[in-house]
Structures are given as structure tokens and as C-alpha cells.
1. Could you give every pair whose Cβ atoms fall below 8 Å, whose first residue belongs to segment 91-104 and is closer than 22 Å to residue 78 by Cα and touching a residue at least 24 places away in the same chain (Cβ under 8 Å), and whose second residue is among the small types (Gly, Ala, Ser) and not in a helix (DSSP H, G or I), counting only separations of at least 6 or pairs across chains?
2. Among the numbered criteria (1) loosely packed, with under 13 Cβ neighbours inside 10 Å; (2) in contact with a Gly (Cβ under 6 Å, 6 or more places away or on another chain); (3) among the small types (Gly, Ala, Ser), which single criterion is violated by residue 413?
3. Of everything in segment 192-211, what is open to solvent by 50 Å² or more (accessible area, probe 1.4 Å) and over 15 Å from residue 607 (Cβ atoms)? Give them in sequence order.
4. When you scan segment 528-535, do you find a residue that is of a type outside the set (Asp, Glu), open to solvent by less than 20 Å² (accessible area, probe 1.4 Å) and more than 25 Å from residue 418 (Cβ to Cβ), even just one?
5. Look at residue 591 and say whether it is farther than 30 Å from residue 486 by Cβ, under 35 Å from the mean Cα position of the chain (by Cα), modelled with pLDDT of 85 or more and not aliphatic (A, V, I, L, M).
6. May I ask you to list the residues in segment 114-147 that are open to solvent by less than 60 Å² (accessible area, probe 1.4 Å) and at pLDDT below 80?
7. Residue 175 is checked against (1) assigned to a helix (DSSP H, G or I); (2) modelled with pLDDT under 90; (3) among the aliphatic types (A, V, I, L, M) and fails just one. What number does that condition carry?
8. Could you run through segment 491-516 and say how many residues are outside any helix (DSSP H, G or I) and within 12 Å of residue 556 (Cα to Cα)?
Amino acid sequence: MTVAMEKPERTESVGKPAAPAKTERRISRSMVVAAIFVVWLVLFVVLRGRQTLALAAADLTDLHRWFNDVNDSIGANRNSNPLFLYFFNEIRLVIDNLVTFVQELISQPTGDRPVPQIGWLGVVGITGYVSWAVGNWRVALLAVAGFTFLGLQGLWQESMDTLALTASAVFVALLFAIPLGVWAGLSDRFNAIVTPFLDLMQTMPTFVYLAPLTLFFQIGPASATIATLIYAAPPTIRITAHAIRSVPETTVEAADSLGATRRQSLLKVLLPMSKRTVVMGVNQTIMAALAMVTIAALIDAPGLGKTVVQALQSLDVGTAFNAGLAIVVMAIVLDRVTTAASAREETARGSGSRFLAWRRPLLGAGAAVTAVLVYLSHTYVWAAEFPGEGGIGTDIASAAATATTWAQDNLSGLTNGFRDAITNGLLNPFQTLLTDSPWWLVGAALVALGVVLGGRTAGITTAVCVGLLVATGVWSDSMTTLASTVVATVLVMVLGIGFGVWMGRSRVVDRVLRPTLDAAQVMPPFVYLVPFLALFGATRFTAIVAAVVYAAPVAMKIVADGVRNVPATTVEAATSAGCNTWQIITKVQLPMARSALTLATNQGLIYVLSMVVVGGLVGAGALGYDVVAGFSQGQLYGKGLAAGLAIVLLGVMFDRITQAAARRAGA
């Protein structure tokens, strides 16, 4: 964008002619970004292949060996070091006991497992009753049907293990997340302290939590539960703090004027008025916990995630699809129940006093029926063990395997063509630019882009991240992951802008698409790998496509909201000036929604990064493979830990640059 500005003439005497007006050209950010890439490309041609810091798959740096030594030392002294003996081991023991208690409470009996206190019939009955009590009868029917379907799939035991881990993690997370959220809502100082930590916790991909926790808590359900509760706690802390701060000041002042103490104001005013929003935070924590529990199968967490991981590693699409479908069903049930609970008060108000008068006796009768079902499930084998071996799960797996074979036989020309076009047209050239350029050239380009797009602070953060990436010893793999992440994000923004503008301009389209987008965000990341594994095989492109589909919904919704928030008067003025639809979109709505576009890019990058590294399970390679290899091969533990650190650094770098760019765009 250029702007002509006339400067006032300066004359040394009245008799001299006026100097000609000077024109000053303002250089836009896009021009500077283009110049950075031009310089980068020129130097790449000259210096290609030099100082690339490439590292073979089995090679280790001194840092990796040091991590291995630390791991070995901790393992050898775990039961003698006081810090582990009286702190970490005690925490692991408490969490293990909690998970074991919940598992034995609801799990189906097997050869090495005692008879459960509550069998499948009792679990289904309790699920239906609780869903009805906190929600409504429609949600109760959905919950009963969903949990029954899990048993019909032949995955009751795996589903209960997943539910036990999720429930344990959410219970512990809420014990400290809600109090911390209240504290952050009441104290500006504490909110300022805790916010950067929450940002970091939510920026870090799920993979990253696993390796450090196994160092302190070993592989198993305890580490999986602790990783899950750490990952799942931030939404409740943030949303609870927001809910407390959103209570009108006049209400709090009225309570104070009536002589209420600080404790009474909290318990009688702030928390009751924040209840609905807090329950929404609990909903987000449950969804995050379920997503994390499935990924925690990599550190030997039991449940559906373990079935999916084993099936993906053996390329058994049918079994992976059946287990993935069970994860989706459980996620939908938990989401609908907690969402209905958050709207319970409004539903009760609209139901009328006659219905409310009958509700208490009905709930009492429902409790009696549930107690009978629990008794039957504890007493009789037919009510304790879900009947049938494989159920319809065998048919689902067989149908998925057949569909996979058909797709590979009949659609390979289309899918391979699409894969090759993206790979050869976008991914390979950009990856070559990143991996074959000297490391210092890539670092300088990234820092320059950080300064131009996000400002000086973002540039400093990028410089620190680049330096630490070099120190991790996995620079080349980091650049490969960076290439996949950027290419996937470009595709996400193409879809996000296309469908987001459509949704923002049409209420009908928004009503049609938004429920699908909401449902897509409920599904854990693992589930997205399965169908694309069937279409594209075990390649890095599978991870990229899965990442695009996983991240696109959030980008679409943010762009749609940004376009819709453009003032109608501005659009009407452009229309009256003779602008057509394309001109209104490109010259008015998108420029005015620039901050929303930048925010969509920020969220798209974070979602894509978390999914691309999960793609290490299906041939994506790079940092994701390094992390997975670190869990399965002891000599590569140090390299896997360094790869996890590199993923964090990429996430922080992406987040800081795009958030700063979003703030500058909205300024």
C-alpha cells in the first residue's frame, strides 16, 4: 500500500522558487515479508546444503545422551532418593489407587480382575439417570443408547477403562482448577501470574506432556492420568475466572452494602451467578481429558486409545475405525450431558411450575429403578458381563476394512494425484528450503518474519526459540515438522476463509454447517487419522490431511464471526457505491475482519502442530516419530525428550508471532 504525502515547501528567501513537492512511499508489511523471502531464496541457491545440522535417525547428540543418563539415574535411584520416595512415588501411588478403584468399580470381570461392584447394566442405568437429572430425557436416551452401543461394539471393557481414566483425571483436575479459577477471578495479580502458564499449557501439543511425566512417574496409568489432568485443567481455570469477573459489579456492591462478608459474597453471589459458565468449563475439561487419555495410550494407558494405537501401528484400519467410533460416541455423550447440565436452569424456568412439581417424585422413582439395576449388575453375571463377544463391532471393522480395500483399489488414482500435487507443489519445495538452507539463514529469516509480523517482542521470542531449537539437536526434524505445519495451515486458512465468509454472509449456511463443525471439534485427534490412513496410506500426507480437517472447523468459525461482526452500515455503504459481491468481500469484509483472520491463523497453527506430531504414528516422521520412538526404544529416550522440547518451542514461536500479529491487526 502506498500513500502520497505532500511536504510543505521550505524556502531560504522569498525570491527563490518553491521546491517541488516530494512523495514519500510507505513500505507495507507484505512488501517486507516478500523481500525477506527473496533474499532467503537467493542465499539458498548460493549456500544450499551447507551447515544444515542434519542428524541421522539413530544418531544422538551430547544432550540426548545426557537425557538418557538422567533417565537411567532416576530409574536406578527411584526407590532411594528422598524426593521420589516421599513425593513423586507417593503421588503416583495415590493416583494409581484412585484409577484402580474406579476401574474395579465399573469394569467387566476378567480372569485377573475381580467381579465389579457395578456391572454394565448398572453403569448404563446410572448414566441414564444422571443424564436425566442434570439434563433432560432426550440427553438421557442418548446416553443410554451411546453406552449400550459401546458394549455392542465389543469394546465395553476398553470403554470403561477409558471412562475410569477420564473420570479420575477430571475429578483431580477440578479439585484444584475451580479454586484456582476463583482466585484468578478475584485477584488481578494472581490472574496476571497464572495466565502465561495457562497459555503455555494450552499451546503445548498433547504429545509433549508424556515424556517428562514418564521420567518422574514411570510408564502406566498414573503418568497418563497426571498428564491428562495437567492438560485438561486450563479450560476450567480460565472459564471460571472469566465467569467470576463477568458478575455485574452492582450485584457485588449490593451484597457488600447488605453486610455480606467476602466469603458470603463468594458462596451466595459470585459462584451461584457463575454456575452455568463454570459448568461449560467443566465440559471443556472433560473433552480435553478424553482427547488426552486416548493419546496417553503411548505410555501404556489402558482403554480405547491403546486399541487405536495398536491398530494404527499394524495398519489395521477396520479395528482402528471401530475403536475410533467408540471414542467419538463417548465424546458425544459426555459433551451432550455436560452441555445440557450448563443449560439446566434455563430449561427448568421454561418448563412451568406443573412440570417442576412432578420432577422431584419422578427423580425419586428413577433413583429407585437405578438402585435396582445396580443391584442386579452386582449380583447376576448376565447383568455384570456385557453379553456377546464381538457384537456388531466385528461387522463394523469388517465393513471398514472392505471400504478401505475398495477405496485403495478404485480411488487410488484420485487420491494419489491429489497427494502428489500437494506434496510436489507445496510441501517438498518448502521443506527443501527449510532443511537444505544453512541453519543460521533459516533462523535469521524466522526472526525477521517475527519482527515484521509480530513486533520486537515476538522477534526476541523467536530468536530465543531458534537458539534453543539448535541446542536440542533435532534441527532438521524440526524444520520438516515446520514445513508440514505451515503447508497444512495454508490449506486450513483456504478452507477457513472460503467457508467462513460463506457462513458469515449467510445465516442459513451458518445454521447448517455450525453443528457439524461443533461435532468435529468434539472428536479426539486420534480419530482423524483412521479414515485418511485408509485413503492415503501411512505417509506424511496422511498426517497433513488429518491436521487440516482437525483444524479447519475452528478457523471457519472464527472467520465467520469476524465477517459477521463487520458493521452492516459499512456493507450497505459499499453496496450503494456500486460494489459487487466479490468487491465487498475482498475490499470491505475481509480487510475489516483482519484481526479475526490472524486469530484464526493462530488457532489453526496450534491445532495443526498438535495433529502433525500425532501423525508420527502413521508415517509422518520428523518430531512426531522421534517422540514415539523415545517411548518404545530406551536408547532413543533422550532424543524423544529433546523432540518434545522442540515441539514446545515451535508452538511457542507460532503462538507468540500470530498473537502479536492479531493484536497489531486489531489495533
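1. What qualifies is 96/220.
2. The single condition residue 413 does not satisfy is (2).
3. Narrowing segment 192-211 to residues open to solvent by 50 Å² or more (accessible area, probe 1.4 Å): 192-193, 196-197, 200, 202.
Matches in segment 192-211: 192, 193, 196, 197, 200.
4. For segment 528-535, residues of a type outside the set (Asp, Glu), open to solvent by less than 20 Å² (accessible area, probe 1.4 Å) and more than 25 Å from residue 418 (Cβ to Cβ): absent.
5. On the way: farther than 30 Å from residue 486 by Cβ: no; under 35 Å from the mean Cα position of the chain (by Cα): yes; modelled with pLDDT of 85 or more: yes; not aliphatic (A, V, I, L, M): yes.
So residue 591 fails the test.
6. The answer is 116, and nothing else.
7. (2)
8. Within segment 491-516, the subset outside any helix (DSSP H, G or I) is 506.
Now restrict to residues that are within 12 Å of residue 556 (Cα to Cα): none.
The qualifying residues number 0.
The values are calculated or read from the model by the stated rules, or taken from the named source; none is laboratory data. All values derive from a computational prediction rather than experimental measurement. A quick note on method: Cβ atoms are made from the backbone with ideal geometry, for glycine too, and the neighbour counts reach across all protein chains shown. Protein only, heavy atoms only, side chains kept; ligands, DNA and RNA dropped before computing areas. Shrake-Rupley method; radii C 1.70, N 1.55, O 1.52, S 1.80 Å.
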